[in-house]
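One structure is given here, and the rest of the page talks about it.
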Amino acid sequence: MEDIMEGAEIRQAVQKKYGELAMAVKSAGGSCCGPSCCSTEDPITGNLYKKDETAGLPKEAVDASLGCGNPTALIDLREGQTVLDLGSGGGIDVLLSARRVGPSGKVYGLDMTDEMLELARDNQRKAGVDNVEFLKGDIQAIPLPDSSVDVVISNCVINLAPDKSKVLNEAFRVLKPGGRFAVSDVVVRGQVSPALRRDMELWVGCIAGALDEADYRSKLNAAGFGEV
């Protein structure tokens, strides 16, 4: 699918869209995150986090959550671990992970959109969390050294990348031996028409870029992951 649309074109569209969403959250004071206003009735973005999880988090962090799941619920994070969130957005999964790894742990949030990074850092300050660092960069070229994190998480962001194999290879590279990879993402079963693959709105909505389930598993195995 990478040859249907140019990677630079996809990257530019994703940055523009998510920059606009971040600005919408900030200008609305955390009451809306774009056209859908992050409605709890939305079948993809609604009701992903329990109220006791989001208690104490800035409203802007919750309202800027644009994921399709709750990756922090998929894995047992422990005190002292180092976690990397690919495509951290407004920072909700980073802040939730930071609670669980404690002050002796560290959580990195990686995002390529300046407006989202600004929003996430504002949310970090409001939450009073010290064991977090937000980095600017591309998930296809993670700006961290080899074997530097215990856990990689992501929430409906890998689908936005033009080259998923690069993302998975990079995730494997930065994981320590025995590290774990826990993501929420969209997969497809069956064929997706070329017309849908070329629809930029569906790309930024995590649909047009979705991999077939078997293809996703194959790419994970090729990157070196076991027990997929």
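The values are calculated or read from the model by the stated rules, or taken from the named source; none is laboratory data. Predicted, not measured: the structure shown is a model, and the values here were computed from it. In this analysis, Cβ positions are derived from the backbone assuming ideal geometry, glycine residues included, and neighbour counts consider all displayed protein chains. For accessibility, only protein heavy atoms count, side chains too; no ligands or nucleic acids. Shrake-Rupley method; radii C 1.70, N 1.55, O 1.52, S 1.80 Å.
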Worksheet item: When both residues are 6+ apart or on different chains and their Cβ atoms are under 6 Å apart, which pairs have a first residue that lies in the range 113-138 and is assigned to a helix (DSSP H, G or I), and a second that is open to solvent by 90 Å² or more (accessible area, probe 1.4 Å) and at pLDDT 95 or above?
Response: 117/136
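Of the residues 120, 161, 64, which single one is crowded, with 19+ Cβ neighbours inside 10 Å, under 25 Å from residue 8 (Cα atoms) and in contact with a Cys (Cβ under 7 Å, 6 or more places away or on another chain)? Walk me through how you get there before you give the answer.
Values: 120 fails: in contact with a Cys (Cβ under 7 Å, 6 or more places away or on another chain); 161 fails: in contact with a Cys (Cβ under 7 Å, 6 or more places away or on another chain).
It is 64.
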Worksheet item: Is it the case that residue 49 is open to solvent by 10 Å² or more (accessible area, probe 1.4 Å), under 28 Å from residue 16 (Cβ atoms) and assigned to a loop (DSSP other than H, G, I, E, B)?
Response: yes
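Filtering the range 76-88 down to residues that are open to solvent by 40 Å² or more (accessible area, probe 1.4 Å) and at pLDDT 95 or above, which residue is nearest to residue 157 (Cα to Cα)? Steps first, please.
The first filter runs over the range 76-88 and keeps only residues open to solvent by 40 Å² or more (accessible area, probe 1.4 Å), leaving 76, 78-79.
Going one step further and asking which of them are at pLDDT 95 or above, we end up with 78-79.
On the way: 78: 24, 79: 26 Å.
Once the filter is applied, the top-ranked residue is 78.
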Worksheet item: For residues in the range 145-158 being in contact with an Asp or Glu (Cβ under 9 Å, 6 or more places away or on another chain) and either of a type in the set (Ser, Thr, Tyr) or part of a loop (DSSP other than H, G, I, E, B) (or both), which is surrounded by the fewest Cβ atoms within 10 Å (Cβ to Cβ)?
Response: 156
Worksheet entry | Residue, farthest from residue 130 (Cα to Cα), within the range 89-104, restricted to residues that are open to solvent by less than 10 Å² (accessible area, probe 1.4 Å) and in a loop (DSSP other than H, G, I, E, B) | 90
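Restricting to the range 171-186, and then to whatever is farther than 13 Å from residue 220 by Cβ and at pLDDT 95 or above, can you tell me which residue is surrounded by the most Cβ atoms within 10 Å (Cβ to Cβ)?
This residue is 174.
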